[in-house]
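Here is the structure we will look at, set down as structure tokens.
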Amino acid sequence: MRDFFGTLDAPGYPVRQTCVHETLDKGHGRIETRRCTAAGDLDWLATLGLKERWKKITSVAGIDSSRVIGSKTETDRRYVISSLPADSERILHAVRMHWGIENGLHWCLDVAFGEDACPIRLRNAALDFSLLRRAAMNLFRADHSRAMGLPKKRKAAAWNPDYLANILHLREI
């Protein structure tokens, strides 16, 4: 992939049609620029013997990211194989949504509940605890009575039975 995208504009190589889309995001004290270059001409995959293995691929994309925080600039390049058409805007959106799930769910479960370090492996116990963690995370996120992060809400619920009852919507009978 690196070689393919390195030769897209290089002299002496075939001209390939590409689609380019760029986004600029500002927030949280940083400026992020993402530039996606997508190509649907995948004849080169056959010469590598990959076309038969990856039959559903219709495009490839290279994503260049730049993040400026104060005076520090970080750059990153990623490559994507996709069953989407060579529409760089659509591919970039799909990649962003994938990382949104990672950052909004998996990362939170690991930070707030230590899910990655959980030693539970017996039969269905891992799945059961995973469902309980997600339910707890949703309850904590729905609670707006306290302005604190998930790890602190979890500790508060463990230390304060009234807060736990409030989170679980328990009422005295």
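The values are calculated or read from the model by the stated rules, or taken from the named source; none is laboratory data. Predicted model only: the values in this text are computed from it and were never measured. Using ideal geometry, Cβ is built from the backbone for each residue, glycine included, and neighbour counts are taken over all protein chains shown. The accessibility values were calculated without ligands, DNA or RNA, using every heavy atom of the protein model including side chains. Shrake-Rupley method; radii C 1.70, N 1.55, O 1.52, S 1.80 Å.
Structure notes:
- Under a model in which nothing but the beta-carbon of Lys, Arg (+1) and Asp, Glu (-1) is charged, the chain shows a dipole of about 460 debye around its Cα centre.
- Computed over protein heavy atoms with a 1.4 angstrom probe, the accessible surface ordering of His106, His28, His21, largest first, is His28, His106, His21.
- Tilt relative to the chain, helix 125-142 - C-alpha long axis, 0 to 90 degrees, to 10: 80 degrees
- Using distinct alpha-carbon pairs, which all enter the 1/r mean, Kirkwood radius of the stretch 1-94 in Å: 14.4 Å
- Less than 5 angstrom separates the built amide H of Asp143 from none of the residues sequence-distant by 5 or more or on a different chain.
- Neighbour net charge for Pro14 - beta-carbon separation under 10 angstrom, K R +1, D E -1: -1
- Only protein heavy atoms count here; under a 1.4 Å probe, Arg67 has an accessible surface of about 80 Å².
- Each eigenvalue of the Cα gyration tensor of the chain, multiplied by 5 and square-rooted, gives one semi-axis; in descending order these are 44, 22, 13 Å.
- Accessible area per residue in Å² at 1.4 Å probe, computed on the chain: 71 Å²
- Under the simplified labelling scheme, the Lys72-Leu131 pair shows an inter-label distance of 4.3 nm, with each label point 7 Å from Cα along Cα→Cβ.
- Binning all Cα-Cα separations of the stretch 74-173 at 5 Å, short to long from zero, yields these whole-percent fractions: 2, 10, 16, 16, 14, 12, 12, 9, 5, 3, 1, 0, 0.
- Cα centroid separation, the stretch 43-68 to the stretch 151-173 (Å): 49 Å
- Within the accessible surface of the stretch 45-112, defined with a 1.4 Å probe on protein heavy atoms only, the carbon and sulfur portion equals 56 percent.
- Per residue convex hull volume, Cα atoms of the stretch 67-129, in Å³: 164 Å³
- Candidates Ala86, Ser145, Gly49 compared by Cα position along the dipole of the stretch 30-173: farthest toward the positive end lies Ser145, with charges placed on Cβ.
- Each of Thr37, Thr73, Pro11 was scored by the projection of its Cα onto the charge dipole of the stretch 1-80, and the greatest displacement toward the positive side belongs to Thr73; charges sit on the C-beta of Lys, Arg, Asp and Glu.
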